[in-house]
Amino acid sequence: MRIAMCTENVNLFGAVKTAFEEDGLSSCVRCADQLSLMKYLARNPVDLVLLDGGRDFAPFRTVFAWRDCQCRDSLPVIVIGQQFDRDSMIDAFDAGANDIVVGPLSTKELLARARRAVECGERRQPVEDRVQFGVYRLDRHAGAAYRRDVRVPLTPREFAIAWLLFANLGALLSREQIALAVWGKDFSLVSRTLEQHVYKLRTKLGLGRDAGVELTTVYSHGYKLSACERDGRNVSADDAPLAASERYAWAQPVTVPRAIAA
């Protein structure tokens with residue numbers, strides 16, 4: 001079993017690494033932060049991810065968005081937390097955590113949960129692959145976007161951004177969140193590229209009041225895809241429900257899309 005653990009706590013990692021390797025598991029690698037973790041996962045096969053949330057799970061939400069972007073839904077993730085409250089635990093599960101270990105860490109308990117998470121991950125059903133709203137329909141499996149049933153030619157990253165926005169309809173997504181989820185890089189490294197992709201996406205999909213969906217740039221914050229008035233009436237989720245809306249219930253930060261070309 002190959003394990004990647006994201007933690008700043010060297011002592012904690014040492015204890016986990018020793019316990020796992022003594023139990024016959026092949027390797028355990030430490031990544032100091034979420035960005036280095038995503039870079040490692042992009043280049044190396046891993047069977048399990050451990051996230052040391054300490055007292056705050058929020059920073060790791062982007063890791064789950066990245067996992068969905070890469071279509072690695074079967075990769076199990078266990079979140080470790082010293083003092084998670086009820087809301088933090090709910091957030092972690094809503095984001096896609098396979099399991100949570102709270103309190104002083106027992107390596108024996110973690111080993112048992114790790115084995116179960118990997119076994120369940122191998123049998124895990126894929127997440128919803130279709131999102132639809134108004135005149136738009138996105139198919140994650142095919143990497144295809146349709147407007148009024150006519151396919152719109154999008155590059156893999158344009159599609160990934162589109163899926164991210166439609167799956168989080170009405171939520172403000174920061175530029176940092178999109179950059180990490182789609183490129184696996186810090187926003188400062190892809191700022192111009194992201195702006196160009198958003199411009200092309202807005203143009204290709206014909207987003208605007210005529211289509212009932214607008215893509216708004218929120219100055220100094222990010223982007224927001226919202227339903228808007230069309231033909232004198234307000235477009236709502238009742239017109240065409242989002243199939244993936246429950247999967248991405250923690251949307252205000254972010255989640256989602258398709259495998260992206262390297």
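Check whether at least one residue in the range 140-153 is surrounded by 14 or more Cβ atoms within 10 Å (Cβ to Cβ) and closer than 27 Å to ARG55 by Cβ, and report yes or no.
For the range 140-153, residues surrounded by 14 or more Cβ atoms within 10 Å (Cβ to Cβ) and closer than 27 Å to ARG55 by Cβ: absent.
No other residue among GLY81, GLY53 is within 18 Å of LEU180 (Cβ to Cβ), crowded, with 19+ Cβ neighbours inside 10 Å and touching a residue at least 12 places away in the same chain (Cβ under 8 Å) apart from GLY53. Looking only at residues of the range 39-49 that are under 17 Å from GLU8 (Cα atoms) and without any contact (Cβ under 8 Å) to a residue 60 or more places away in the chain, we find that the one that is surrounded by the fewest Cβ atoms within 10 Å (Cβ to Cβ) is TYR40. Just one of ARG86, ARG116, ARG72, ARG55 is under 30 Å from VAL213 (Cα atoms) and among the basic types (Lys, Arg); which is it? Result: ARG72 is the single residue among ARG86, ARG116, ARG72, ARG55 that is under 30 Å from VAL213 (Cα atoms) and among the basic types (Lys, Arg). Would a scan of the range 4-14 turn up a residue that is surrounded by 22 or more Cβ atoms within 10 Å (Cβ to Cβ), assigned to a helix (DSSP H, G or I) and either in contact (Cβ under 8 Å) with a residue 12 or more places away in the chain or at positive phi (or both)? Checking the range 4-14: not a single residue is surrounded by 22 or more Cβ atoms within 10 Å (Cβ to Cβ), assigned to a helix (DSSP H, G or I) and either in contact (Cβ under 8 Å) with a residue 12 or more places away in the chain or at positive phi (or both). The condition of being within 15 Å of the chain's Cα centre (by Cα) and either more than 17 Å from GLU176 (Cβ to Cβ) or in a helix (DSSP H, G or I) (or both) holds for only one of ASP87, ASP73, that being ASP73. Set side by side, the residues ARG61, ARG55 differ, and just one is out of contact with any helix residue (DSSP H, G or I) (no Cβ under 6 Å at 6 or more places or on another chain) and not aliphatic (A, V, I, L, M), which is ARG55.
Any read-out appearing in this document is the output of simple, stated calculations on the displayed coordinates, not a laboratory observation. It should be emphasised that the depicted structure is a prediction, and the values quoted were computed from it without experimental measurement. Counting neighbours? That spans all protein chains shown, and the Cβs are built from the backbone with ideal geometry, glycine included.
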